[in-house]
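The values are calculated or read from the model by the stated rules, or taken from the named source; none is laboratory data. The structure displayed is predicted, hence computed values, not measured ones. Reconstructed Cβ throughout: ideal geometry from the backbone, glycine too, with neighbour counts over all protein chains shown. Each accessible area value is taken on the protein alone, full model and side chains, heavy atoms only, with ligands, DNA and RNA left out. Shrake-Rupley method; radii C 1.70, N 1.55, O 1.52, S 1.80 Å.
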Amino acid sequence: MQKHTKWVKQAALSKGFDYCGVARAAQLDDDARRLESWLSKGFQGSMHYMEKYFDLRVDPAKLVPGAKSVITLLKNYYPDVRQNPYSPKISKYAYGKDYHEVIKVQLNEFLESLKEQIGDVHGRGFIDSAPVLERTWAQKSGLGWIGKNGNLITKQSGSFFFIATLITDIELDYDDPFAKDYCGSCTKCIDACPTEAILPGKIVNGSKCISYFTIELKEMLIPGDVKNKFDNWLFGCDICQDVCPWNRFSKPTTETAFMPIPEILNLTTKQWEELTEEQFKKIFRDSALKRSKFAGIKRNLRFIQSKDV
Ligand code: B12
Ligand code: SF4
Ligand code: SF4
């Protein structure tokens, strides 16, 4: 078991992940309570997919029969360059190629190598694609704590990480859950959030988050009460991470697939306005911006530009 665990962690690093931790696959009772309360307050807004598969979300064995271990993998996306300060802002996670695609391939390779090494292994890899409480598993695998801004923060290198999980039926040595919370008396993220989406108790009201409005909201109109509050964010929002003191320790990613698309760094507001659908599809064909579609990006652009209330 020990030998397998050591091998699993080494293989994770060699397949391109930055951190790996392992937790026993068990039902998440505390999280079921937290998630239920979050949903009952309507914090999912129009993300109705969050209301589905509640049982699967809180029990890994319902996703992978016979599940024994949840392997959590972190992948750094922190870029070493900045956008032109006058460009409409795009979240750092979307600078390069779509992480779903990049990490899916790495997860599959990782699972294949596990099968080759250990033999009869059954498992499924997930990256933001299924009902899995990824932040909770990362905390349970000892990788970091859940900050007041809701993000998983590592003490070594901050929070600009994607979280992937591999649920498997092999028994491994388990890491201790991350016991401490290094937020202390800091409230920088709460104070900086322009839409007051961050509530006490590490709860984020998803339906008030700029990331929700600019990426998840499919309606063509963004509510008027958040007008003038987007601080030029066109896609996603990094404010609560940018102000977090732990992100002083972020190190640039070495993943070439996450190297920024030049247009993301350089397009001015005027150039965004003039961009045609054809150009958008060509430039962003491999990018996470596709999720908002051309019409969504144009809607966001109009919203951040119009100053009327
Ligand atoms: C829905 C969703 C959103 C929604 C809602 C956000 C939210 N806070 O729920 C919106 C669109 C707003 C959003 C925004 C963002 N998201 Co998002 N999102 C998700 C998704 C798909 C589900 C999250 C979820 O289940 N929410 C429901 C709430 C109730 O769960 P939760 O936030 O995970 O919180 C749980 C834990 O915090 C836990 N908890 C609280 N206290 C404690 C204490 C302990 C000890 C423990 C164990 C647990 C615990 O309780 C909660 C319920 O169990 C996940 C992927 C996934 N499958 O997990 C990505 C994910 C959380 N998002 C991610 C990212 C990167 C972002 C953004 C930074 C993107 C951006 N720059 O625009 C922002 C950050 C906003 C914020 N401050 O949270 C990453 C987070 C990486 C990290 N380091 O934490 C994830 C994990 C995607 C991924 N695979 O990498 N997101
Ligand atoms: S991502 Fe932006 S809007 Fe969302 S909680 Fe963080 S600071 Fe607030
Ligand atoms: S800004 Fe401060 S309170 Fe917020 S997550 Fe970072 S350390 Fe915690």
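Tabulated results
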item	result
Pair list, Cβ under 6 Å, 6 or more apart: the stretch 20-34 residue in contact (Cβ under 8 Å) with a residue 24 or more places away in the chain, other residue buried (at least 17 other Cβ atoms within 10 Å of the Cβ) and in a strand (DSSP E or B)	CYS20/LEU73; GLY21/THR72; VAL22/SER69; VAL22/ILE71; ALA23/VAL70; ALA25/SER69; ALA25/VAL70
Scan of the stretch 226-265 for residues that are within 14 Å of ligand 2 (Cβ to nearest atom) and among the small types (Gly, Ala, Ser), ordered by number	GLY236
Some residue of the stretch 30-48 being under 25 Å from HIS122 (Cα atoms) and surrounded by fewer than 18 Cβ atoms within 10 Å (Cβ to Cβ)	no
Odd one out for ASP173, checked against (1) away from ligand 3 (no atom under 14 Å from the Cβ); (2) of a type outside the set (A, V, I, L, M, F, W, C); (3) surrounded by 18 or more Cβ atoms within 10 Å (Cβ to Cβ); (4) closer than 23 Å to GLY16 by Cα	(3)
Residue in the stretch 62-72 that is among the aliphatic types (A, V, I, L, M), open to solvent by less than 20 Å² (accessible area, probe 1.4 Å), within 24 Å of ILE283 (Cβ to Cβ) and within 16 Å of ligand 1 (Cβ to nearest atom) present	no
Scan of the stretch 241-282 for residues that are among the basic types (Lys, Arg) and exposed (fewer than 12 other Cβ atoms within 10 Å of the Cβ), ordered by number	ARG248, LYS270, LYS282
Pairs with Cβ under 7 Å, 6+ apart, first in the stretch 208-225 and more than 9 Å from ligand 1 (Cβ to nearest atom), second open to solvent by less than 40 Å² (accessible area, probe 1.4 Å) and aromatic (Phe, Trp, Tyr)	ILE222/PHE213; ILE222/PHE303
Selection within the stretch 213-240 - open to solvent by 20 Å² or more (accessible area, probe 1.4 Å), in a loop (DSSP other than H, G, I, E, B) and within 26 Å of CYS183 (Cβ to Cβ)	LYS229, ASP231, CYS237
Any hit, the stretch 191-198, residues being open to solvent by 40 Å² or more (accessible area, probe 1.4 Å), assigned to a helix (DSSP H, G or I) and farther than 17 Å from GLY150 by Cα	no
Qualifying residues in the stretch 129-152 (those that are out of contact with any helix residue (DSSP H, G or I) (no Cβ under 6 Å at 6 or more places or on another chain), open to solvent by 10 Å² or more (accessible area, probe 1.4 Å) and not basic (Lys, Arg)) - the one farthest from ligand 1 (Cβ to nearest atom)	GLY142
